Amino acid sequence: MKMNLKTIIEDSNRIYGQLSQGIKYLYDELQEITRMDDTQLCLAICQLLRDGRICRSQEDNLIYYLKRI
C-alpha cells in the first residue's frame, strides 16, 4: 500500500474510532482489530499522538493506547 498523508490520516481516524469506545488497547490488539501492517499502524498511532488525540498509558510493563479525555 502506498503511504501518504491522506492514507495515514484515514488510518488514524479508523484507530481513533475504535478508541472512542472508551477502551484501552495494546498495540497487538489494535493491529488485530484494524488488520493494519506494522508500518500503517505505527504511522497512524504517531499521527494521533502528534495531534494529541490519544495518549499512552503503561501498566505492568504493558503499553496501552487510549483516547485522550
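Condition first: within 11 Å of the chain's Cα centre (by Cα) and surrounded by fewer than 16 Cβ atoms within 10 Å (Cβ to Cβ). Now tell me which residues in the stretch 50-63 satisfy that. Write out each step before concluding.
Here is the first cut: in the stretch 50-63, the ones within 11 Å of the chain's Cα centre (by Cα) are 53-56.
Across the stretch 50-63, the qualifying residues are CYS55, ARG56.
Hey, among the residues in the stretch 20-49 that are buried (at least 18 other Cβ atoms within 10 Å of the Cβ) and within 8 Å of the chain's Cα centre (by Cα), which one's nearest to ILE69 (Cα to Cα)?
LEU48
I'd like the residue in the stretch 7-40 that is of a type in the set (Ser, Thr, Tyr) and in contact with a Leu (Cβ under 9 Å, 6 or more places away or on another chain) and, out of all such residues, is nearest to GLU59 (Cα to Cα).
Restricting attention to the stretch 7-40, the residues satisfying the condition of being of a type in the set (Ser, Thr, Tyr) are 7, 12, 16, 20, 25, 27, 34, 39.
Those left that are additionally in contact with a Leu (Cβ under 9 Å, 6 or more places away or on another chain): 7, 12, 16, 25, 27, 34.
Values: THR7: 31, SER12: 23, TYR16: 21, TYR25: 12, TYR27: 14, THR34: 23 Å.
For the stretch 7-40, the residue satisfying everything is TYR25.
Among the residues of the stretch 1-19, count how many are surrounded by 12 or more Cβ atoms within 10 Å (Cβ to Cβ) and under 10 Å from the mean Cα position of the chain (by Cα).
Residues that pass the stated criteria total 8.
Read-outs throughout are calculated quantities, based only on the coordinates presented, and are distinct from any laboratory measurement. Predicted, not measured: the structure shown is a model, and the values here were computed from it. Counting neighbours? That spans all protein chains shown, and the Cβs are built from the backbone with ideal geometry, glycine included.
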